[in-house]
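Data block below; observations after.
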Amino acid sequence: MTLPRNTELLPFLNECYQKYNRVNFIEADPVSIPHRYHRKEDIEIAGFLAATLAWGNRKSILNNATRLLNQMGESPFDFVCEHRPVHLKPFEVFVHRTFNGQDCVFFIKALRHLYTRHGGLEAAFSGDFSQHEFGLKQRIVQFRDLFLETPHASRSEKHLSNPAKKSSSKRLCMFLRWMVRQDKKGVDFGIWKNIRPAELCLPLDVHTGSVGRALGLLQRKQNDWEAVEEITKVLRSFDPKDPVKYDFALFGLGVEGFLK
């Protein structure tokens, strides 16, 4: 496959979006984890935890996310809200790369804090940020502040990326894509209504960043929040209402070895 010329770029991206935005393409993707549930709260908790673990080997991500959620029983939401201290014992030995048992127990407690004190995950990201071109940054910072109200070890904070400190916040942007977008293709859920798809930012990682640079969509060399805003602004010029749909195209091309 050769690089498309400028006049061919948008049709090319739209073609790739249609190709990769399919249920069979995400069978080995972390988004398959929340697809096992039907209740809104179960979906968003499972999605948040799966996204939190979504770095490293994809098989390992799926195995560990499945193990984590299986320990919560049939309903992650019920477990989060109703657990007692004794129920957290099995989670104290959980490990996924640098995310350890201490982090895991804190995340469960912090999720309960959000649902009992702040109206849940969706509410934690909600608010009027329309005055900002990239209000998603403020939404993530607000969510992070609320999440960290729960007592925790400082080491756990690294598992909640902070765009205010230039992090690309790839996993949180990906989680928000899952919750907010709804194009009836069977991948994203679209169960959150307080954020518009137009506000979403590209989940920037090694695949989307490298392919984006190869296609001339991104000039910045670092995969940081500044790069997220740069490439998202270009994608918004292609589709102002749903710019992050091109995540499927860029990520799919990267995974399938487009650059090789």
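Nothing in this text is a laboratory measurement; each read-out follows from the coordinates by a stated rule. Just so we're clear, the structure is a prediction, and the values are computed from it rather than from any experiment. Neighbour counts are summed over all protein chains in view; Cβ atoms, including those assigned to glycine, are modelled from backbone coordinates with ideal geometry.
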Cross-link pairs beyond the 23 Å C-alpha cut-off, checked among K109/K166; K19/K137; K40/K158; K19/K245: K109/K166; K19/K137; K40/K158
Semi-axis lengths (Å, descending) of the ellipsoid that matches the C-alpha gyration tensor of region 13-156: 25, 22, 15
Gyration tensor verdict on region 204-259 (Cα atoms; rounded if a/c is under 1.5, prolate if a/b is larger than b/c, oblate otherwise): oblate
Residues with amide H under 5 Å from that of S167, placed H, sequence gap 5 or more: N162, W225
Net lengthening on full extension, K166/C81 (0.36 nm per residue, minus Cα-Cα): 27.3 nm
Potential extension, E27-K184 segment - 0.36 nm per residue separation minus Cα distance: 54.9 nm
Candidates A227, A153, A54: whichever shows maximal mean-square fluctuation once the chain is modelled as a Gaussian network with Cα springs under 10 Å: A153
Whole-angstrom gap from region 113-141 to region 213-250, using each part's C-alpha centre: 22
Structure-based [θ]222 nm, the chain - -39500 (n - 2.57) summed over DSSP H runs of at least 4, per residue, nearest 500: -15000 deg cm²/dmol
For D188, distant residues with modelled amide H under 5 Å away: D183
A123 versus Q219: modelled label distance in nm, points set 7 Å from Cα along the beta carbon direction: 4.4
Cα-derived Rg to Rh of the chain, Kirkwood definition: 0.96
Nitroxide proxy distance, nm - points 7 Å out along Cα→Cβ at A153 and N14: 5.2
Residues of region 230-248 with amide N under 18 Å of the 7 Å Cα→Cβ point at S130: 240-242
Normalised contact order of region 6-255, rounded percent, pairs of Cα under 8 Å and 6 or more residues apart: 20
